[in-house]
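Scroll down for the structure; my scribbles are underneath it.
The values are calculated or read from the model by the stated rules, or taken from the named source; none is laboratory data. Fair warning: this is a prediction, and the values are worked out from it, not measured in the lab. So basically every Cβ, Gly included, is an ideal-geometry build from the backbone, and we count neighbours across all protein chains shown. SASA here: full protein model, heavy atoms, side chains in, ligands and nucleic acids out. Shrake-Rupley method; radii C 1.70, N 1.55, O 1.52, S 1.80 Å.
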Amino acid sequence: MPTERIAVLDFETTGLSPNMGDRAIEIGAVKLVNGEVVDTFQQLMNPGFRVSSFIEGYTGITNNMLRLAPSCEEVMSEFADFIQGSHLVAHNASFDKRFLDAELDLVSKGYDGQFACSMLIARRLIQDAPTHKLGDLVRYKQIENDGTFHRALADSEMTAKLWLVMLEELHSHHGITNPDFALMQKISKTSKAAVRQLLEKQRHI
C-alpha cells in the first residue's frame, strides 16, 4: 500500500470571507500517515486588527491572546512547510480552503495536495445523522472528545477521528479493503442516491 499522507486542518477566523478582509486567527492540523496520527500543528496568529466580541465569544480567542501571537505571515509560512506532501481534509472544506489559499497567497506559498471535505463525505456515508455539523456527527458516532469545539486543534482532531471512523466503516460495512483519499474524494462528488452503487462497484475492484 503506498504511503498516504493527510493533513486534517481547521481555521478560526475573524469572519466568513477573506474577500471581505477577514483573516485567520488560529490554525490547527493533525497529520495522518496511513491512518496513524504522526504530528500536530497549532498556532494562534495576530491578524493586525482587533477581533469582534462575537468572534471572541464564539471561539474563546481573545484580543489579549492575539496581541502576543506571531503574525499571520509568520505562522502561515511555517504551516506551508507542515502540509507539503500531504492531501488536505477539512470539515466544510470550501471555507478552510478559501482562507488557506488567501493566507498562503500573501506569503507567496502554495501546497501540492488536493482537498477533500469530510462534511460532504459524511452527508453521503452517514445519511441518517440528525445534522452533518461536526459536533453533531461526533455525538452521533460517539467519537471520544473533550467537549471543546471552535478551537482549531480540537476541531481538526475531531475531524481526523471522524475521517478514520468513515474509513473503518467503508472497510467493515462495505468490504472495501483499502479505502484511500481518491475514493473519499469520489464519494464527496457522488450524489447521495448513487453512493451505494459506487461502493458496491468499489468492493469488487
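Only one entry of 30, 37 meets the criterion of being open to solvent by less than 10 Å² (accessible area, probe 1.4 Å), in contact (Cβ under 8 Å) with a residue 40 or more places away in the chain and either small (Gly, Ala, Ser) or in contact with a strand residue (DSSP E or B) (Cβ under 8 Å, 6 or more places away or on another chain) (or both), and that entry is 30.
Could you say whether any residue in region 140-152 is part of a helix (DSSP H, G or I), open to solvent by less than 70 Å² (accessible area, probe 1.4 Å) and at pLDDT below 95?
Looking through region 140-152, at least one residue is part of a helix (DSSP H, G or I), open to solvent by less than 70 Å² (accessible area, probe 1.4 Å) and at pLDDT below 95.
Taking residue 126 as meeting all but one of (1) exposed (fewer than 15 other Cβ atoms within 10 Å of the Cβ); (2) of a type in the set (Val, Ile, Thr); (3) in contact (Cβ under 8 Å) with a residue 40 or more places away in the chain, write down the number of the exception. Result: residue 126 fails condition (1) only. Restricting attention to region 52-65, the residues being open to solvent by less than 30 Å² (accessible area, probe 1.4 Å) and within 23 Å of the chain's Cα centre (by Cα) number 3. In the set (1) aliphatic (A, V, I, L, M); (2) open to solvent by 50 Å² or more (accessible area, probe 1.4 Å); (3) over 20 Å from residue 5 (Cβ atoms), residue 182 fails one condition alone, (3). Screening the candidates 78, 12 for the property of being within 16 Å of the chain's Cα centre (by Cα), within 17 Å of residue 153 (Cα to Cα) and at pLDDT 95 or above yields one hit, 12.
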